[in-house]
Number of protein chains: 2
Amino acid sequence: MKQNELPTDISLAECGQRLLEADDIYILSHQYPDGDTLGSAAALCRLLLQKGKRVRTLCSDEIPKKFADLYQGLPQEEFSPAFVVAVDVADVKLLGKKLEHFGDKIDLCIDHHGSNKRYARWNYVDPTAAAAAEMIAQLANLWGVALDPAVADAIFTGITTDTGCFKYTNATSRTYRIAADMIDAGADASRINRIMFDTKSRARLEIERRVLDTMRFYFDGRCAVVYVTNEMVAQTGAGADDTDGLASLPRQVEGVKVGVTLRQREDGAFKASVRTDGVNASAICAHFGGGGHPAAAGCLLPGTVEQAREAMLEVVGRALEEQA
Amino acid sequence: MKQNELPTDISLAECGQRLLEADDIYILSHQYPDGDTLGSAAALCRLLLQKGKRVRTLCSDEIPKKFADLYQGLPQEEFSPAFVVAVDVADVKLLGKKLEHFGDKIDLCIDHHGSNKRYARWNYVDPTAAAAAEMIAQLANLWGVALDPAVADAIFTGITTDTGCFKYTNATSRTYRIAADMIDAGADASRINRIMFDTKSRARLEIERRVLDTMRFYFDGRCAVVYVTNEMVAQTGAGADDTDGLASLPRQVEGVKVGVTLRQREDGAFKASVRTDGVNASAICAHFGGGGHPAAAGCLLPGTVEQAREAMLEVVGRALEEQA
């Protein structure tokens, strides 16, 4: 953000206008990238290329293999940006090391997180959108651009990954209709859903079995906790991709209102992923300086797995009591 | 089918007309009922009640607990039927013991299976529909009926269960748009998807772990086979509901083109469920007198689990060779 200017919430129409007026555009994704930040960036990049812009995407982390197709053929040319856009980035802290120097230089933010920090000069934030990719679809529609299959695949990927294959409460009829439009534009929906949700490496299968072995229940079965240590991951030969989605396992058990997955990081601390049904996950994680969505949030917990679990259970217990 | 009349393929419009002209209607579902045969029956029943008809649904098996909501408040009154409809029933053999006596008395069949046997007097068969429930939605649309949430829930349930939560190739943009319409009419999509796909009993979790233990790979990892014996089920205390969907496990592993699940029946024989990617599952199962869809089919195999596996692998091997 340039000095002496206050951040401004803008509409879809103004967002579209600002982008059409810009050139030499950088599109930034958040660290530990998911299908929405990458799908939105790839789709927006392709749309802006169609509009004749010089544009490229950037991310602090490598693009996970399963999203590589979205970036096929996109320019990686070096240039000095005149306009910087962040997509699906709720807070500049989430840009990661390689991109953190852009923190105070972001012109436009396109995001769907209710917790968005309005760090950009112009902020187009729509918490009713299931995914930032839904907002990119609306931009394309506003511009009257004919979608090609590559854009459609990217937008579909963002939508389906951020809705857990249309399973979360954030998926609205608009979400489904945009998905239908993407299929009509050539998105290979069933292939994408299969890759994102229905394909497991053998290492993943093995880590999943071991994680299920750690599952313990608390508060009359209303809370389930699992953990994943670095040792478990090393023993199965699982990569970072293989541990994605483990966070959804504990909450899937009948009767579980709060599912907690404790994933050890390289520094030994535990990243807690909290998935809930009718309990505010974001509020639970806020106790530990984390945050997220009402039904899916995360935070960091220091100490051993037992200490991390104890700390989390205390807060979960209070949340369940308040809710009862 | 009445004597001296040939079965006739009819259009959506004629199907709608025949139903409006009828009264005292029985709606039959297939045995081992799934979300589509039950959702379609419940939705059609509610629509016909709105049209002032005397109507009831029938199924040879009990309604599984997770589908019970769809039937809430539907009449179970006894009457002699003047018009019999079968929904999502490809063959009268699938009606099951309690309903098999209707086999030659079915006036109308509404079905989306390509393999439909045209056993009814009038057959409205649309293999491009992802689910029979999609065809019921089109009927409602044809009749101009305002959908209530109960009908919308039933149709959404049929669609989402028959597309594996929109994951199979049968889900088209029309499927997604009908799903969107159902959400607008009050379907609780995320709740339904969660119940159908994201909720596991503890017994299910346990049986899943044991089934994963049986997984073996063949043909350079292009085929994976798992089995479930009656003993395994008994040891975990799993019910029939708990073993649903186990058939999708082997094909989820990276590189697997043919996934086979052998499920022991009470008589000791094995029901093989075949799930494929780019290989014709229906043709594989036809070798054993079974059938189904190109990517999902089933058949019965006598003998021990080893014998069943050997017989299946021989046919799968040939199918993979032909495909290579």
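The values are calculated or read from the model by the stated rules, or taken from the named source; none is laboratory data. As the structure is a prediction and not an experimental result, all values here were calculated from the model. No Cβ is skipped: glycine too gets one built from the backbone with ideal geometry, and neighbour counts run over all protein chains shown. These area figures cover heavy atoms from the full protein model, side chains too; ligands, DNA and RNA do not enter into them. Shrake-Rupley method; radii C 1.70, N 1.55, O 1.52, S 1.80 Å.
Return a yes/no flag: does region A:275-292 have any residue that is under 25 Å from A:L205 (Cα atoms) and surrounded by fewer than 21 Cβ atoms within 10 Å (Cβ to Cβ).
Scanning region A:275-292 turns up no residue that is under 25 Å from A:L205 (Cα atoms) and surrounded by fewer than 21 Cβ atoms within 10 Å (Cβ to Cβ).
Starting from residues that are closer than 18 Å to A:E306 by Cβ and free of Cβ contacts under 8 Å to residues at least 40 places away in the same chain, keep the ones in region A:262-272 and report whichever is surrounded by the fewest Cβ atoms within 10 Å (Cβ to Cβ). Working first, answer last.
Initial filter on region A:262-272 (closer than 18 Å to A:E306 by Cβ): A:262-265, A:267-272.
Filter once more, so that each one left must be free of Cβ contacts under 8 Å to residues at least 40 places away in the same chain: A:263, A:265, A:267-269, A:271.
Values: A:R263: 21, A:R265: 10, A:D267: 8, A:G268: 11, A:A269: 15, A:K271: 18.
My answer is A:D267.
From the set of residues in region B:212-232 that are buried (at least 20 other Cβ atoms within 10 Å of the Cβ) and of a type in the set (V, I, T), which is farthest from the other protein chains (Cβ to nearest Cβ)?
Selected residue: B:V228.
Each row is one residue, and each column tells you yes or no for (1) acidic (D, E); (2) under 20 Å from the mean Cα position of the chain (by Cα); (3) within 14 Å of A:T169 (Cα to Cα); (4) not in a helix (DSSP H, G or I).
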site: B:I159; (1), (2), (3), (4): no, yes, no, no
site: B:F166; (1), (2), (3), (4): no, yes, no, yes
site: B:T169; (1), (2), (3), (4): no, yes, no, yes
site: B:Y176; (1), (2), (3), (4): no, yes, no, no
site: B:A180; (1), (2), (3), (4): no, no, yes, no
site: B:I183; (1), (2), (3), (4): no, no, yes, no
site: B:G186; (1), (2), (3), (4): no, no, yes, yes
site: B:I192; (1), (2), (3), (4): no, yes, yes, no
site: B:M196; (1), (2), (3), (4): no, yes, no, no
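Residue by residue through region B:150-178, note down the ones that are within 11 Å of chain A (Cβ to nearest Cβ), of a type outside the set (A, V, I, L, M, F, W, C) and open to solvent by less than 20 Å² (accessible area, probe 1.4 Å).
B:T160, B:T163, B:G164, B:S173, B:T175, B:Y176
Would a scan of region A:109-125 turn up a residue that is of a type in the set (V, I, T) and either over 18 Å from the mean Cα position of the chain (by Cα) or within 13 Å of another protein chain (Cβ to nearest Cβ) (or both)?
Taking every residue of region A:109-125 in turn, none turns out to be of a type in the set (V, I, T) and either over 18 Å from the mean Cα position of the chain (by Cα) or within 13 Å of another protein chain (Cβ to nearest Cβ) (or both).
State which residue is nearest to the chain's Cα centre (by Cα) when the search covers only region A:55-81 and only residues that are among the small types (G, A, S) and within 15 Å of A:A43 (Cα to Cα).
A:A68
Would it be correct to say that B:V145 is assigned to a loop (DSSP other than H, G, I, E, B), away from chain A (no Cβ under 13 Å), open to solvent by less than 30 Å² (accessible area, probe 1.4 Å) and not small (G, A, S)? Working first, answer last.
On the way: assigned to a loop (DSSP other than H, G, I, E, B): yes; away from chain A (no Cβ under 13 Å): yes; open to solvent by less than 30 Å² (accessible area, probe 1.4 Å): yes; not small (G, A, S): yes.
Yes; evaluated as a whole, the condition is true for this residue.
Count, please, the residues in region B:226-257 that happen to be touching a Leu at 6+ places or on another chain (Cβ under 7 Å) and β-branched (V, I, T).
So the answer is 3.
More than 15 Å from the chain's Cα centre (by Cα) and β-branched (V, I, T): does that describe A:V89?
In short, no.
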